[in-house]
1. With an 8 Å cut-off on Cα pairs and a minimum separation of 6 or more residues, tell me the relative contact order of the stretch 11-79 in percent.
2. What is the extension gain from residue 16 to residue 124, computed as 0.36 nm multiplied by their sequence separation minus the C-alpha to C-alpha distance, in nm to one decimal?
3. Could you tell me how many degrees, from 0 to 90 and to the nearest 10, lie between the Cα long axis of helix 11-21 and the main elongation axis, the longest principal axis, of the Cα atoms of the chain?
4. Where a Cα-Cα gap under 18 Å defines reach, which lysines qualify for residue 60, not counting those fewer than 8 residues away within the same chain?
5. Points 7 angstrom from Cα along the Cβ direction at residue 79 and residue 34: gap in nanometres?
6. What residues of the stretch 40-71 lie in the reach of a label at residue 26, counting those whose backbone N is under 15 Å from a point 7 Å from the Cα along Cα→Cβ?
7. Determine the calculated [θ] at 222 nm for the chain from helices alone, applying -39500 (n - 2.57) to every DSSP H run no shorter than 4 residues and normalising by the residue count; nearest 500 deg cm²/dmol.
8. Which lysines does residue 91 reach when only Cα atoms under 27 Å apart count, and residues fewer than 8 places away in its own chain are ignored?
Amino acid sequence: QQRGFNEVHDIEEFVKVGKSVRGCPYYASWSLAENAELVFCPYSYIVNPVIRAGVEVDLKGAIIIFDEAHNMEDIAREAGSVNLDEETLFKLQSELEQMSVAQPMIYQPLYEVVEGLISWIGRKKDSVKKHDFQHYFSR
């Protein structure tokens, strides 16, 4: 279909056209977005550097407008946060220990950081309540 680059498209329209031409609406939308002058996207595509790199969003020369920016603080905090359990940290520590044998200059410092984090968590986990962090930072 010869629909223009100068039209506004929504996801429902992409799905409908995709079905009719047996094409992928996801890739079609990204293809059009490459040359678009105005693109609406979720905050995470801009704020989270991992997602931004994954979808290849280039902010150079862009004007960014955040709608409903009252959520921005939570979104930025979420983008800079990670949830790890002790089991994951122990696996990471074990893998870094093995990799340190082959390349100690690279992996030994990382191993020591993870070891220190595990040690700190072990000392603090009985004295810190689950929601203490939010108590101090949401005032």
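1. Details: 30 pairs, mean separation 16.1, N = 69.
Normalised by residue count, the contact order of the stretch 11-79 is 23 percent.
2. Details: separation 108, 0.36 × 108 = 38.88 nm, distance 5.42 nm.
Additional length available on full extension: 33.5 nm.
3. Tilt relative to the chain: about 70 degrees.
4. none
5. 2.4
6. Residues passing the 15 Å test: 54-56.
7. On the way: 8 runs with 82 residues, N = 139.
Taken over the chain, the calculation gives -17500 deg cm²/dmol.
8. Within the straight-line cut-off, residue 91 pairs with 124, 125, 129, 130.
FYI, it's all coordinate maths here, none of it is from the lab. Quick caveat, the model's predicted, so the values are computed rather than measured. Reconstructed Cβ throughout: ideal geometry from the backbone, glycine too, with neighbour counts over all protein chains shown.
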